[in-house]
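The values are calculated or read from the model by the stated rules, or taken from the named source; none is laboratory data. Predicted model only: the values in this text are computed from it and were never measured. Cβ placement follows ideal geometry from the backbone for every residue including glycine, while neighbour counts extend to all protein chains displayed. Surface accessibility is based on the protein's heavy atoms, side chains included, excluding ligands, DNA and RNA. Shrake-Rupley method; radii C 1.70, N 1.55, O 1.52, S 1.80 Å.
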Amino acid sequence: MTMKTNPGNFFEDFRLGQEIVHAVPRTITSGDVALYIGLTGSRFALPSSDSFAQSLGLPRAPVDDLLLFHMVFGRTVADISLNAIANLGYANCRFGVPVYPGDTVSARSTVIGLKENSTGETGVVYVHSTGRNQRQDVVLDFVRWVMVRKRDKSAPAPETKTPNLPGEVAVTDFALPEGLDLTRYDTALIGQPHLWDDYAPGECIDHVDGMTLEESDHMTATRLYQNNAKVHFNQHSETQGRFGRRLIYGGHIISLARALSFNGLAGAFKLLAINGGRHVNPSFAGDTIYAWSQVLERIDLPGRSDIGALRLRSYAAKNHPCSDFPGRMPAGTGSKGAEMPSDLVLDLDYTVLMKRRS
Amino acid sequence: MTMKTNPGNFFEDFRLGQEIVHAVPRTITSGDVALYIGLTGSRFALPSSDSFAQSLGLPRAPVDDLLLFHMVFGRTVADISLNAIANLGYANCRFGVPVYPGDTVSARSTVIGLKENSTGETGVVYVHSTGRNQRQDVVLDFVRWVMVRKRDKSAPAPETKTPNLPGEVAVTDFALPEGLDLTRYDTALIGQPHLWDDYAPGECIDHVDGMTLEESDHMTATRLYQNNAKVHFNQHSETQGRFGRRLIYGGHIISLARALSFNGLAGAFKLLAINGGRHVNPSFAGDTIYAWSQVLERIDLPGRSDIGALRLRSYAAKNHPCSDFPGRMPAGTGSKGAEMPSDLVLDLDYTVLMKRRS
Amino acid sequence: MTMKTNPGNFFEDFRLGQEIVHAVPRTITSGDVALYIGLTGSRFALPSSDSFAQSLGLPRAPVDDLLLFHMVFGRTVADISLNAIANLGYANCRFGVPVYPGDTVSARSTVIGLKENSTGETGVVYVHSTGRNQRQDVVLDFVRWVMVRKRDKSAPAPETKTPNLPGEVAVTDFALPEGLDLTRYDTALIGQPHLWDDYAPGECIDHVDGMTLEESDHMTATRLYQNNAKVHFNQHSETQGRFGRRLIYGGHIISLARALSFNGLAGAFKLLAINGGRHVNPSFAGDTIYAWSQVLERIDLPGRSDIGALRLRSYAAKNHPCSDFPGRMPAGTGSKGAEMPSDLVLDLDYTVLMKRRS
């Protein structure tokens, strides 16, 4: 057999400052949107409805922010994380100009940090990835870091460089859709009467509902994004793997947590940023995902009295309803050393747009 | 945890004459159409084919009538049936102007009947729900009644009012698509030579084929419709529930029965009405659905010699082919007291449009 | 029960020269494209991306060649193979003018060969099937032969006639998309640096990755194509069938093998022809599909120095990675008598278009 196949990049293949053009630009269509709704059950009004989007001054329903995220992320997998042992984190993820069905997104990444681990067998790679539409407008922009295997343990370690990452996306980096006008915002159509002003920092919201994971669902979602990380698809090899089973793409759990959060946060009609995120534990087919959120901060948007930003921390748990969860979290949550409950699978810090009471 | 989540309406929350605007208008796209075909296997020519639709005088393929039904129904669940114990029935369901991919449907309901049950723990709510497109044309219109829990058993019973519901949709309420012209109707393309004239009242048709239900399929269909009734999705909580398993959305069974009916009723290219329907028994993943139909009536349409309406009663059964089914039905079927076979899951009375022999 | 259902054609129903118009023209949409990607994980740039297609001189992304194949094939099942015991083979399959989302494909077949088997219980039917778009351009054209049951063993055998089938599609039959221009072809976007010149006849490529089959996935794919062959859908009847389980549509395996082949053949952006194919063994849910390919031939295209054709033989195996597979193949593979490994499921001989080094 010849080596025409892509072995993926190993730790020593990455260089600081390296620019990577990712393959397969993807036209996102109303077909992708339908399948995304079918696989996640998302009910947010803006990506569901042209007429609702038009009532807010947009030309039609934009593509769901997380569908866009997965599509851009999916482009990067073959180059960045094919040999990854773990997706360690996300930071500074900013949503740019809205993407509409028919737009084509492509992705590039720059290596912004490298740090070999003390074992000499792996290293951490930090990349800044950018998604653009066919007009080269930035549609998404984020940093992620992954632990990647070395091909050759004896390869020399690169100079350590870890990027300075902001704890949260700056207000000045929030991109509001052009023409966004809330004067015709209808709480009856969005599914919840509560506005930005009604959410108090510290407040916890149990999203109540649960969604059971099926192999077919998570594989179809992950294939839709053309994310080709092997661990999600191959039961034959995973039988001998770390868990004995196919591991669910963490992004699918993010989407389920967001979809479940409609029950309590229906008015959070658009993501502005993902400040950080961690897949605390793995999820598998058969698990039932629940979610709860804590309001971290209400953020004023300069020059806008009609809308505000809400910084949230949403958690997903498996096989455990979340009504008792705030009390089960360790003290000092968020600090690196805190041990999370074993049924917690996701810890996501993100910022949404909401209408203010006028 | 604060109560920002939607607890759903309980029996005492409904008032006679109450108008409910349902959340999340939905743009139905060709993506939804594709997924509907993928999940049901529907093969009817009209919603499958722009060129066939154009040969009948329509601008392009309209959205499948049942996909539209599920989309409108899905809007209503969060307000009407989140605390329902049972969907008791449908009546007077009329399909209005055709919906085309790109149209946005929204839904409103009016409470038209209330009746507390003698136990004082539940009551029956009758609602008249209407779906409209973005131009406010009525696209669907139906009554359903559900048994809903009371929040508080001691809450006083409302005055009993039950609506007078017609046994069938009136001929004058049938809405034919504007411009419908059967002169170029091609039996070869529709998949069956039989026309309206070939179906005799009393005739029974075994649709032969069977379709096995998978968890992923019914959940994806139900999520596509943004129907958020909990019992369909959460295995973790249903393990302690009435059946120990996720219950399949009855509408998915209606769609499978209709898709299976292609084999024998391929010429029934459009639904005009659902006169009534009952989910006789629940279905679960692993069950195989079969269907058969009985012709109830051939109905002349005023001023049209080219098309006629056919009133049908279609039944779906689980894990039992339907060839012997007419003989297994109890005498007096349709009367309330008749005990249905335990493997019967659906009893649907509806009216379709068919070409007449000219 | 009356016989309005389609019993399918039995061997004695076919006549040499018979022309069959297949039912249900199908508009292929971006919804079908999305679902195809979701179910197969295909990552080829041309059908994924309008902007990539435009960089090659096409108006937008054409429908994936195999999605088109399945759609045309699906039209033919109800007439040709409903009573088939086996799909024996394909030959001379040529892809015609590209199909774009929104086009409607219809299918016709001509019976070109008949041969009763010596048992008198079955016969082989050869059909030439043609798919056309709404402008009556040929989009696909192929021969297949199936073993079909006789309704009545005592029916007289027809005169035996077996067609002369070419071992491969002739170069003069390759249809290149109009306007195809490779000057802006970008290997970074297509996902692989290797061009036509880099593939040597005899070379074997292990596509490495594996994809586990789920009931929901193969059924949804097969329903999407409106292929109604019963063995794929009905666990209740298959429990008593030959394998005790639902058999996976062989075309789904072809699609998975093609999708897996991206890893090593990403530059094979378009199919020109399927020269022949055989489903060597059946596949079932739970099996994991792997694939490998051998380069059979590099073919010059008349008048084109920028592109060439590559004839490939791709194999799919179940539950066995393909790295050791060339050595496991029997000597004389391809000859009828050679016994294939029992874990081999597909043997497909096809021709792709690739950019040449200029």
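A few remarks follow.
- Hz values of 3J(HN,Hα) by residue in region A:97-107 - Karplus curve (6.51, -1.76, 1.60), Gly and Pro given as x: 5, x, 9, 10, x, x, 6, 10, 9, 10, 9
- Length-normalised contact order of chain C in % [C-alpha pairs under 8 Å, at least 6 apart]: 19
- Around A:P201: net Lys/Arg minus Asp/Glu count, Cβ-Cβ under 10 Å: 0
- Just the protein heavy atoms count here, and of the accessible area of chain B at 1.4 Å, carbon and sulfur take up 49 percent.
- In this structure the amide hydrogen of B:V63, modeled in the peptide plane, comes within under 5 Å of the amide hydrogens of B:V99, B:Y100, none closer than 5 places in sequence on its chain.
- Here A:D173 yields copy-to-copy label distances, from shortest upward, of 5.7, 5.7 nm, the label point defined as 7 Å from Cα along Cα to C-beta.
- A dipole drawn for chain A from +1 and -1 charges on Cβ atoms has a positive end, and of A:S42, A:V105, A:P166 the residue lying farthest that way is A:V105.
- The spacing between region B:120-140 and region A:202-216, judged by their C-alpha centroids, is 28 Å.
- Annotation: lysines with alpha-carbon distance below 27 angstrom to A:K150 (same-chain offsets under eight excluded): A:K4, A:K115, A:K161, A:K230, A:K336.
- For the protein assembly as shown, the dipole from Cβ point charges (+1 on Lys and Arg, -1 on Asp and Glu) about the Cα centre works out to 100 debye, to the nearest 20.
- With its label point defined 7 Å out from Cα along the Cα-to-Cβ axis, C:E203 lies at 6.2, 6.2 nm from the matching points of the other copies, in increasing order.
- Along the axis of the charge dipole computed for chain A (Cβ charges of +1 for Lys and Arg, -1 for Asp and Glu, origin at the Cα centre), the listed residues A:V138, A:Y249, A:V24 are led at the positive end by A:V24.
- Taken over region C:1-81, the alpha-carbon convex hull comes to 156 cubic angstrom per residue.
- Proximal aspartates and glutamates to B:K153, defined as alpha-carbon separation beneath 19 angstrom and excluding residues fewer than eight positions away on the same chain: B:E12, B:D13, B:E116, B:E121
- Buried area at the C-A interface (accessible, heavy atoms, 1.4 Å probe, summed, Å²): 3200
- Trypsin sites (Lys or Arg not before Pro) lying in DSSP loop within region B:1-105, provided at most 15 other Cβ fall within 10 Å: B:R15
- Distances between copies at A:E339, taken between label points 7 Å from Cα along the C-beta direction, are 5.8, 5.8 nm in increasing order.
- Placed amide H near A:E203: partners under 5 Å, 5+ positions off or other chain: A:V295
- Accessible area in the full protein assembly, largest first, 1.4 Å probe, for A:S323, B:S261, A:S106: A:S323, A:S106, B:S261
- Each Lys or Arg adds one and each Asp or Glu subtracts one; over the other residues with Cβ under 9 Å from the Cβ of C:I20, this totals -1.
- Our coupling estimate for region A:176-181, obtained by passing each phi through the Karplus curve with A = 6.51, B = -1.76, C = 1.60 and θ = phi - 60°, is 8, x, 4, x, 4, 9 Hz, Gly and Pro reported as x.
- Region C:1-142, dipole about Cα centre (Lys/Arg Cβ +1, Asp/Glu Cβ -1), debye to the nearest 20: 220
- In region A:217-233, comparing the full protein assembly with the chain on its own, the residues that lose 40 Å² or more of accessible surface at a 1.4 Å probe are A:D217, A:R223, A:Q226, A:N228, A:K230, A:F233.
- Each part gets one Cα centre, and for region A:282-358 versus region A:45-102 those centres are 19 Å apart.
- Computed [θ] at 222 nm, helices only, for chain C once each DSSP H run of length n ≥ 4 contributes -39500 (n - 2.57): -5500 deg cm²/dmol
- For chain B, the solvent-accessible area with a 1.4 angstrom probe is 34 square angstrom per residue.
- Residues A:I112, B:I299, sorted by accessible area with the largest first, give A:I112, B:I299 [1.4 Å probe; ligands and nucleic acids excluded].
- Of the DSSP H helices in chain C, those that are both long (alpha-carbon extent of 20 Å or more along the helix axis) and hydrophobic (Kyte-Doolittle mean at least 0.0) are C:65-80.
- In terms of its alpha-carbon gyration tensor, the protein assembly as shown comes out oblate; a/c meets the 1.5 threshold, while b/c is at least as large as a/b.
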